1. Exactly one condition in (1) in a loop (DSSP other than H, G, I, E, B); (2) among the β-branched types (V, I, T); (3) in contact with a strand residue (DSSP E or B) (Cβ under 8 Å, 6 or more places away or on another chain) is not met by T186; state its number.
2. Looking at the stretch 154-165, is at least one residue more than 16 Å from the ligand (Cβ to nearest atom) and under 14 Å from the mean Cα position of the chain (by Cα)?
3. V195 is checked against (1) more than 10 Å from the ligand (Cβ to nearest atom); (2) out of contact with any Pro (no Cβ under 9 Å at 6 or more places or on another chain) and fails just one. What number does that condition carry?
4. So which of E229, E199 is outside the structural domain of L167 (by TED's automatic domain parsing), at positive phi, open to solvent by 60 Å² or more (accessible area, probe 1.4 Å) and not polar (S, T, N, Q)?
5. If only one of E210, E169, E134, E204 is in a loop (DSSP other than H, G, I, E, B) and free of Cβ contacts under 8 Å to residues at least 12 places away in the same chain, which one is it?
6. In this structure, is T186 away from the ligand (no atom under 11 Å from the Cβ) and either open to solvent by 50 Å² or more (accessible area, probe 1.4 Å) or at pLDDT below 95 (or both)?
7. Pairs needed: first member in the stretch 279-301, within 17 Å of K203 (Cα to Cα); second member anywhere, modelled with pLDDT of 90 or more and open to solvent by less than 100 Å² (accessible area, probe 1.4 Å); C-beta distance under 7 Å; at least 6 residues apart or different chains.
8. Provide a single number: the residues in the stretch 214-230 that are touching a residue at least 40 places away in the same chain (Cβ under 8 Å), touching a Phe, Trp or Tyr at 6+ places or on another chain (Cβ under 9 Å) and within 9 Å of the ligand (Cβ to nearest atom).
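The values are calculated or read from the model by the stated rules, or taken from the named source; none is laboratory data. Just so it is clear, the structure is predicted and the values come from calculations on it, not from any experiment. Here the Cβ is made from the backbone with ideal geometry for all residues, glycine too, and neighbour counts use every protein chain on show. The protein model used for the area step is the full one, side chains on, heavy atoms only, and it has no ligands, DNA or RNA in it. Shrake-Rupley method; radii C 1.70, N 1.55, O 1.52, S 1.80 Å.
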Amino acid sequence: MHSKQEAKPRLVWIQGVTCNANIHSFLNLPTLPSLLSKLNMLYHPSLECSHTLQEITQLEIACDVLIFEGTYDPLLKRNDVLIADVVKHFAQEAKYVVALGSCASFGGIFKASAPKRNSGLIFNEKESFGPLLESQKKVINLSGCPVHPEWLGYTLNMIINKKEILLDELHRPLELYSHLAHHGCTRNEYFEWKVDAKEFGLKEGCLFYEQGCRAPMTHASCNKILWNEVSSKTRAGTPCFGCTEPDFPRNNLFSTQTNMSIPQDVPLEIPKRAYLTMTGFAKTFSIKRLEGKLIDYKTTR
Ligand code: SF4
């Protein structure tokens with residue numbers, strides 16, 4: 001006897017003000033075909049789905065999972081229908097609402113055009129604000145600019161398998177955001193001994209002291225779950241911009257803000273005095289292995 005097959009979760013993917021980066025990122029998920037086969041895609045702006053935008057904006061169907069990508073702007077319309085009404089309609093029945101990317105989570109880049117009006121679904125930066133405050137329990141924030149494809153893959157698989165997703169105080173899954181982006185960076189030894197990277201793209205040196213790396217203050221698993229399964233920004237020699245945090249974007253992403261040569265922001269929850277003592281001590285040593293090139297092409301030829 002065949003057991004009755006469970007219905008696949010019905011998913012609707014709606015966009016606010018967005019650059020589409022989260023869709024582009026999601027398309028790089030290696031297990032995408034298998035994941036999609038476990039979902040009933042009612043509407044997606046680019047992937048195969050069963051309904052058109054026009055049908056979706058008639059607000060006559062419901063879904064189990066709503067994904068909202070982009071900044072929420074209460075005045076934005078699609079097909080002459082307010083996106084605010086579309087969001088509220090689908091969020092009502094949905095068991096989960098995924099705010100996808102930093103714009104949907106905290107307002108992000110597109111909040112700048114109307115900072116007091118535009119926001120994420122339940123936050124404007126760190127402040128509670130947005131259209132779904134009353135049903136905030138069902139909102140999962142996946143911040144990132146764009147969000148890592150594996151993070152959305154993880155979240156949808158947990159939903160499909162009816163597993164509980166534990167969240168932090170900003171509604172981000174702890175499994176993905178309890179680490180700092182600094183954890184797992186291949187430059188950690190340079191950080192400990194305070195050896196700076198003088199340029200981008202080098203194999204050697206830490207990008208915290210001069211190049212603006214925010215990883216020691218940023219909750220993200222970019223150096224634990226690698227991008228395209230091979231790399232991360234800091235592994236490639238580019239600073240972490242702290243794009244998963246509510247205050248993203250900031251000014252001067254490529255330089256470290258300092259006061260009298262001391263970084264303005266120090267690693268999360270480390271007292272500034274302890275940080276200064278440790279780094280001052282570390283700086284007194286000169287370690288040849290860390291100060292030289294990892295590969296000296298001149299001497300290997
Ligand atoms: S480059 Fe950034 S992530 Fe890597 S060790 Fe330095 S501070 Fe940490």
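1. Among (1) in a loop (DSSP other than H, G, I, E, B); (2) among the β-branched types (V, I, T); (3) in contact with a strand residue (DSSP E or B) (Cβ under 8 Å, 6 or more places away or on another chain), T186 violates only (3).
2. Among the residues of the stretch 154-165, at least one is more than 16 Å from the ligand (Cβ to nearest atom) and under 14 Å from the mean Cα position of the chain (by Cα), which makes the answer yes.
3. Looking at each condition in turn, V195 falls short on (1).
4. Among E229, E199, only E229 is outside the structural domain of L167 (by TED's automatic domain parsing), at positive phi, open to solvent by 60 Å² or more (accessible area, probe 1.4 Å) and not polar (S, T, N, Q).
5. Among E210, E169, E134, E204, only E169 is in a loop (DSSP other than H, G, I, E, B) and free of Cβ contacts under 8 Å to residues at least 12 places away in the same chain.
6. No.
7. These pairs meet every condition: I287/W193; L290/E189; L290/Y190; L290/W193; L290/V195; E291/V195; K293/E204; L294/E204.
8. Residues meeting the conditions: 2.
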